[in-house]
Amino acid sequence: MDILKSAKLGFGTSQIGGPSLINGKLMGAKPIPKNEALSILTFAFENGINFFDTSDKYGNAEELLGKAFSKKRGKVIIATKCGVSDNKGRNFTIPYINKCLENSLSKLKTDYIDIFQLAKPDPNEVTDELMDFFTRKIREGKIRYFGISVIGDNDGNKYISRKTIKSLQIFYNLLFTQNHELIKECALNNKFVIIRSPLNSGMLCGKYSLATKFCVVDPRRNIFCGDLLRERLENIENIKKCFDLSSSEVLEFALNFILSNKDVNVVIPAASKLSQLQDYIDIFKNICRFNEKENTKILNSLRKMVSLKKEGQYS
């Protein structure tokens, strides 16, 4: 399946696979039963979602995707990421990347990966030798496209002219719109745009409060707490007042804002419950999109009112 045939609503698997060892610590989502995770993946597919984003550091998410879709491989698009090591920060050496690729192929029970991505490298680490490595893997048929999950527009803009790089995964949501111009540049240069964290790691579901607590292994507990949590909640309240939204309407507004962007190819919200996924699908199927003028007006308003001391990316 060509990645350009992806449904605009995809699914991020960060919340269904449990934690992994990252930089010497067990970090990630709170584990959920395997049968529940598989039910979520099946429900997503049965309701038109055909793009699934994962990582070798999302617990057993790759294995779950392999079990769910190995017999439907030609009907789904799978994007995975690598570059985060167990104990030594990030590692973008060719031997390590090759090992990650082979491991992902095995876990996913597939002969190829649609989009193989590096997880937030420094642009200086994306060397010509590394590009040559990915060109070889594309020729071998082990990956179809190579992409990068970028930190921000300063890094992202350095990849725009590189032909080997087909996709950029970009952090973008109501609380963080700084990457808007990067998204436009990607569209102008035929890069496939994947939007991660469209709900700012759950902040824009309209359910968080100062009393919200996260699982001990969840990296959000170190950012969404104290003054940083209060700051985000205050900004969300400003958004609600500006656009006349109730708490229950924030999720719909947040997703619709990104789904209405013509330069976005796919949006990958995560979910650990079937009910969350159902909400995303209902919004995707039933909500009237903002037109370009409305979306621009929303963007301009957000840029005037939202102010964060820290951008909100927790990994």
### Query
So which residues in the range 22-38 are of a type outside the set (Gly, Ala, Ser) and loosely packed, with under 15 Cβ neighbours inside 10 Å, if there are any at all?
Asn23, Lys25, Leu26, Lys30, Pro33, Asn35, Glu36
### Message
Pairs please, first residue from the range 89-107 and surrounded by 14 or more Cβ atoms within 10 Å (Cβ to Cβ), second anywhere and at pLDDT below 95 and of a type in the set (A, V, I, L, M), Cβ atoms under 8 Å, 6+ apart in sequence or on different chains.
### Response
Arg90/Val84; Asn91/Val84
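Out of contact with any strand residue (DSSP E or B) (no Cβ under 6 Å at 6 or more places or on another chain), closer than 30 Å to Ala254 by Cα and at pLDDT 95 or above: which single residue out of Ala119, Ala187 fits that description? If you could, list the steps in order and put the result at the bottom.
Details: Ala119 fails: out of contact with any strand residue (DSSP E or B) (no Cβ under 6 Å at 6 or more places or on another chain).
Going through Ala119, Ala187 in turn, the sole match is Ala187.
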### Message
Checking Asn190 against (1) without any contact (Cβ under 8 Å) to a residue 60 or more places away in the chain; (2) in a loop (DSSP other than H, G, I, E, B); (3) in contact with a helix residue (DSSP H, G or I) (Cβ under 8 Å, 6 or more places away or on another chain), only one condition comes out false. Which one?
### Response
(3)
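Which ones in the range 154-169 are part of a loop (DSSP other than H, G, I, E, B) and either in contact (Cβ under 8 Å) with a residue 12 or more places away in the chain or over 14 Å from Asp132 (Cα atoms) (or both)?
In the first step, residues of the range 154-169 are kept if they are part of a loop (DSSP other than H, G, I, E, B); the result is 157-164.
Correct list: Asn157, Lys158, Tyr159, Ile160, Ser161, Arg162, Thr164.
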### Query
Looking at this structure, is Val84 under 19 Å from Ile268 (Cβ atoms) and modelled with pLDDT under 95?
yes
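Would you be able to tell me the number of residues in the range 99-129 that are of a type in the set (Val, Ile, Thr) and more than 16 Å from Lys166 (Cβ to Cβ)?
Taking the range 99-129 and keeping what is of a type in the set (Val, Ile, Thr), we get 110, 113, 115, 126-127.
Now restrict to residues that are more than 16 Å from Lys166 (Cβ to Cβ): 110, 127.
Qualifying residue count for the region: 2.
Yes/no matrix, rows are residues, columns are (1) assigned to a helix (DSSP H, G or I); (2) surrounded by fewer than 15 Cβ atoms within 10 Å (Cβ to Cβ); (3) touching a helix residue (DSSP H, G or I) at 6+ places or on another chain (Cβ under 8 Å):
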| residue | (1), (2), (3) |
| --- | --- |
| Phe224 | no, no, yes |
| Glu237 | yes, yes, no |
| Lys240 | yes, no, yes |
| Ser248 | yes, yes, no |
| Leu251 | yes, no, yes |
| Phe257 | yes, no, yes |
| Leu277 | yes, no, yes |
| Tyr280 | yes, no, yes |
| Ile283 | yes, no, yes |
### Task
Need at least 1 residues that are more than 30 Å from Asn261 (Cβ to Cβ) per element, so show me which strands (runs of 3 or more DSSP E) inside the range 1-91 make the cut, counting only ones lying wholly within it.
19-22, 25-28
#### Entry: Verdict on Gly206 being without any contact (Cβ under 8 Å) to a residue 24 or more places away in the chain and of a type in the set (Gly, Ala, Ser)
no
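Out of the range 111-145, which residues are over 21 Å from the mean Cα position of the chain (by Cα), surrounded by fewer than 20 Cβ atoms within 10 Å (Cβ to Cβ) and not charged (D, E, K, R)? Walk me through how you get there before you give the answer.
From the range 111-145, those over 21 Å from the mean Cα position of the chain (by Cα) are 111, 124-125, 127-142; that's our starting set.
Now drop any that are not surrounded by fewer than 20 Cβ atoms within 10 Å (Cβ to Cβ), which leaves 111, 124-125, 127-133, 135-142.
The answer is Asn124, Thr127, Leu130, Met131, Phe133, Thr135, Ile138, Gly141.
The values are calculated or read from the model by the stated rules, or taken from the named source; none is laboratory data. This is a predicted model, so every value here is computed, not measured. Positions of Cβ are generated from backbone atoms using ideal geometry, with glycine treated the same way; all protein chains shown enter the neighbour counts.
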